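As structure tokens, the structure follows; a few thoughts come after it.
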Amino acid sequence: MNKLGIGRRDKVQQFMTITGASEKVALQALKVSDWNLEGAFDVFYSQSQVKSSADTRRLEELYNRYKDPYADMILADGISLLCNDMQVDPQDIVMLVLSWHMKAATMCEFSKQEFIGGLQSLGIDSLEKLREKLPFMRSEMKDEHKFREIYNFAFSWAKEKGQKSLALDTAIGMWQLLFAEKEWPLVEHWCQFLQARHNKAISRDTWSQLLEFARNVDPALTNYDAEGAWPYLIDEFVEYLTENSIVQIGQMSDWSQKG
């Protein structure tokens, strides 16, 4: 490793710290991914030997620790205990990322298949390994493609069973959580607008299109197209911003200049 430049040595050390892999494995994964750290993580965790290294018996024991006494599922109390064991707050974004890995159908619930399958996919069969994986799971929110996947997953995960739309309070909480990771300067204005003008559940279309709006329209709305195919709610939001002099279309605002 002494022949490597400082930048590459740092990546090897970071990879080894987060994954617990040897220097040889770290070098192999980084070389395959052309020294892209996120790509190297994907290579490492997608390898079948990592998945098979998770001991099924230990996973069963882990599942039984959190399983509800009256149902073959992990419910709210079990997830609270899991968070306590992981030393994370239940509202921590990492719990959303973990649920995404588990392909969980519902917030605050893990089926046995979801729990064991998700941990196997991460090569985890102990609490210690789960805690060691937390930095990696947090780093996934910085990947644009994974963020988009997690964002879209969050809609179905957070909505009530049997409902097509997401309750407004829940949607606002999720947006504040998600956009704290991928900063969007208008998120608080958006939430205030919804509470003042909408006060209804959020459709999947609005949920999906808001991410496109946040990613493609700059905060000062200089490239906003009023003739674009945005949901009516987003068009009304733009009107709300201009009516309240929060944004003057075509002019850079103070906070957008700071970005």
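Laboratory data are not the source of any read-out in this text; all were calculated from the coordinates shown. The structure displayed is predicted, hence computed values, not measured ones. Note that we place each Cβ from the backbone using ideal geometry, even for glycine, and neighbour counts take in every protein chain shown.
Annotations
- Distant-in-sequence amide H partners of Met73 (H built 1.01 Å from N, under 5 Å): Asp68
- The mean sequence distance of close C-alpha pairs (under 8 Å, at least 6 residues apart), as a share of the length of segment 6-49, puts its relative contact order at 29 percent.
- Calculated mean residue ellipticity at 222 nm for the chain: -18500 deg cm²/dmol, from DSSP H runs with n ≥ 4 weighted as -39500 (n - 2.57), summed, divided by the residue count and rounded to 500.
- Tensor-based shape of segment 145-244 (alpha-carbon gyration tensor, a/c under 1.5 rounded, otherwise prolate or oblate): prolate
- All-pairs Cα distance distribution in the chain, expressed in whole percent, bin size 10 Å: 6, 26, 28, 22, 15, 4, 0
- Ordering of 97-110, 230-243 by burial proxy (mean other Cβ atoms within 10 Å per residue, highest first): 97-110, 230-243
- In this rough spin-label picture, where each label sits 7 Å from Cα along the Cβ direction, the Leu168-Thr56 distance is 4.9 nm.
- Residues in segment 77-93 carry Karplus couplings, in order, of 5, x, 5, 4, 5, 4, 4, 4, 5, 6, 6, 10, 6, x, 8, 5, 4 Hz; the curve used is 6.51 cos²θ - 1.76 cosθ + 1.60 with θ = phi - 60°, and Gly or Pro positions show x.
- Short-range pairs are left out: with C-alpha atoms under 8 Å and at least six residues apart, the relative contact order of segment 145-244 is 27 percent.
- Average silhouette area of segment 56-141, convex hull of alpha-carbon atoms, in square nanometres: 4.9 nm²
- Part-to-part distance (alpha-carbon centres) for segment 123-199 and segment 1-42, which is given in Å: 29 Å
- What the Cβ-Cβ distance of Lys129 and Arg197 gives, at R0 = 30 Å and to the nearest 0.05, is a FRET efficiency of 0.05.
- One decimal place: the segment Val32-Asp205 gains 58.5 nm when fully extended, by the rule 0.36 nm per residue minus the C-alpha distance.
- Reach of Lys164 by Cα under 18 Å, taken over lysines that are not fewer than 8 positions away in the same chain: Lys200
- Mean Cβ count within 10 Å, highest first, over the residues of peptides 166-172, 116-122: 116-122, 166-172
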